Every structure is written in structure tokens, then in C-alpha cells.
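The values are calculated or read from the model by the stated rules, or taken from the named source; none is laboratory data. Fair warning: this is a prediction, and the values are worked out from it, not measured in the lab. In this analysis, Cβ positions are derived from the backbone assuming ideal geometry, glycine residues included, and neighbour counts consider all displayed protein chains.
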Amino acid sequence: MDRPNDAAGASDVGSAPTAAGPTVVVVMPAYNAAKTLERTYADIPHELVDRIILVDDVSHDETVDVANQLGLDVIIHRQNLGYGGNQKTCYQAALARGADVVVMLHPDYQYDATRIPALIAPILEGEKHLMLGSRFLGDPLAGGMPRWKFISNRFLTGIENLAFGLHLSEYHTGLRAYSRRLLETIPYELNSNDFVFDQELIAQVVAAGMGRRIGEIAVPTRYFDEASSVGFKRSVVYGLSTLRVVARYLLHRIGVRRSPKLTARPPQPPASVV
Ligand SMILES: Nc1nc2c(ncn2[C@@H]2O[C@H](COP(=O)(O)OP(=O)(O)O)[C@@H](O)[C@H]2O)c(=O)[nH]1
Ligand SMILES: [Mg+2]
């Protein structure tokens, strides 16, 4: 079922924020992040964050040891599932632990985690359900983004804006925040286990009638060896997969081929108090 516009109410960020305020959970999908995890952790605004979950996707380094030393809530995959598969575990765990707002932060110290308060503010205020930390509201080339990544990002973003009817500065950022309501509405578990998961998720949000509840703020990024493992070949696959997501969205939208992935979940009944 397609939801009509703005299915979600204006004031709710989650199902039942506690008297102490909404629960903010940071999730980190990790793969070989031992060298960068501590720096990433240090920049998180701990006074605002209730819990930090790290999901390890069978790293070959000491990611799990470092995460345990930092006292994170660590979940370990037995099998490598990939970036999207890792995020599925992240969101299931965050919702199970009572999150009202979930921040997805790469543990590779690429995105400036000190921006988290500004990122989640519109969700806490009930204005937005998805917030993106955009590199393109600043100067990504100055941050070291390779020029070919810059150009392909611009190209894909232009196509996605046209298809989704939005005016976002980019769709491919790794710093995002979600309301509980959003994660309970879209069937993200049906998405790819690969990098295109992030694009499928945005298509789902738009298909659920929540496109106007997507916002963005500028977030500076850093490019260095450990912060970027995705090379040219994997990026080409990612670009083509993104175009397929757009095509699937358009076919769904005009009713030629309905997609279960793009069909919002029916509203959840409130949790029983008994
Ligand atoms: N689970 C999983 N995560 C991965 C894999 N490759 C990269 N990642 C994670 O995905 C995120 C983005 O990858 P990254 O190489 O930084 O991409 P880039 O910054 O866009 O070049 C990082 O947090 C990595 O830890 C993988 O094979 N499996
Ligand atoms: Mg990175």
C-alpha cells in the first residue's frame, strides 16, 4: 500500500519516548575499523547519546577488541554479510533496545561526528524523519573527495532528485539519522546486503510518502586510506545498482510493477503494557 502524503504525524519521533526524553542510539556498521574507531568514538557527543552499538561484519583486525575496550554494545556477525546486511542488524538492535532516534555513523572517522546534535535536532523536534549529513553542502573536494567520485555523485544525485521529486544535495552520504517511526514504517530488511542498501532506503522513504520529511545539514568529511575502501570497480557496480533502484521506484510509482520493497508496513499496534 502506498501511503498518502506525510503518513507520519508531526510530533512523534518514536513510539514511546521515556520521561527522561527520547532515547538516542548511535549504530556503527563496522568492517576493519580498528585503526579509526577510537577517534570516531571520541567525537560522538556522549551527553546526548544513550547507547552506542557496533556491529562487526567479521573484521580481520582488532575492531571487536577496541569496541569492547571502549565499552560499546558489540554484536558480531558469524558470516560477512556486507554493508547493507550489517545495517539491518544495526537497526533491528537499535529498535529492540528502545531507540527513538537512530544515528548511523561509519566507524572510519570519515564523517565529523561532532555534527550529530545538529543532525538529530530536526528529528527530535518532530520536523523530519530522515536526516542526511551532506558533504555537498560544503566543499567535498577540499575534504579530499576524489574528482571522479565527486562527478559520479553529482550525476546520480541529479537523477535521483528528478525521479524522487526532491532537491537534496546528495544521496550517498554515510552519516544519517532516522526516527523510530521511519524504521518501523519501511521494510528495510528486504533491501540489498550491499552498498545500494542506502539508496533503496531513500526510495522506500519517498514511496512511503515521507519524502518531505527528509532533511540535510552540512557535514565535513575527511579522505584518507582507512576512510575509503570503495574503489572504481565497486563504485561502477554501485552506480548501476542505484540506477536500477530509480527504475524500480518509477515502475512502482506508475503502477507497472509493484515492488514489495517499496510497500510500507502497516502501522504497528501499540506495545502491550501487560
Ligand atoms: N559490512 C561491511 N562493511 C563494509 C565493507 N566494506 C566497507 N564497509 C563499511 O562501509 C562503510 C563505507 O565504506 P568505505 O570504504 O568507507 O566507503 P567510502 O568512504 O564511500 O569510500 C565503512 O564504514 C566500512 O566499514 C564490507 O565488505 N562489509
Ligand atoms: Mg568511508
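The table for this structure:
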| read-out | value |
| --- | --- |
| Number of the exception - residue 32 against (1) more than 15 Å from ligand 2 (Cβ to nearest atom); (2) over 30 Å from residue 168 (Cα atoms) | (1) |
| Residue, surrounded by the fewest Cβ atoms within 10 Å (Cβ to Cβ), within the stretch 217-237, restricted to residues that are closer than 19 Å to residue 168 by Cα and within 16 Å of ligand 2 (Cβ to nearest atom) | 220 |
| The lone exception for residue 209 - which of (1) more than 16 Å from ligand 2 (Cβ to nearest atom); (2) surrounded by 15 or more Cβ atoms within 10 Å (Cβ to Cβ); (3) part of a helix (DSSP H, G or I) it fails | (3) |
| Residue, farthest from ligand 2 (Cβ to nearest atom), within the stretch 48-80, restricted to residues that are surrounded by 19 or more Cβ atoms within 10 Å (Cβ to Cβ) and within 19 Å of residue 190 (Cα to Cα) | 55 |
| Tally, over the stretch 157-182, of residues that are touching a residue at least 60 places away in the same chain (Cβ under 8 Å) and either basic (Lys, Arg) or farther than 15 Å from residue 137 by Cα (or both) | 11 |
| Residue in the stretch 248-262 that is within 25 Å of residue 122 (Cβ to Cβ) and either out of contact with any Lys or Arg (no Cβ under 7 Å at 6 or more places or on another chain) or away from ligand 1 (no atom under 16 Å from the Cβ) (or both) present | yes |
| All positions within the stretch 37-82 that are in contact (Cβ under 8 Å) with a residue 60 or more places away in the chain and hydrophobic (A, V, I, L, M, F, W, C) | 37, 44, 48, 49, 81 |
| Complete set of residues in the stretch 214-234 that are at pLDDT 95 or above and either in a helix (DSSP H, G or I) or of a type in the set (A, V, I, L, M) (or both) | 214, 217, 218, 219 |
| Subset tally (residues that are loosely packed, with under 11 Cβ neighbours inside 10 Å and at negative phi) for the stretch 241-256 | 2 |
| Count - residues of the stretch 101-120 that are in contact with an Asp or Glu (Cβ under 7 Å, 6 or more places away or on another chain) and near ligand 2 (Cβ under 9 Å from one of its atoms) | 1 |
| Residue list for the stretch 81-100, filter: within 15 Å of ligand 2 (Cβ to nearest atom) and at positive phi | 82 |
| Subset of the stretch 158-191 [assigned to a helix (DSSP H, G or I) and under 28 Å from residue 25 (Cα atoms)] | 180, 181, 182, 183, 184, 185, 188, 189, 190 |
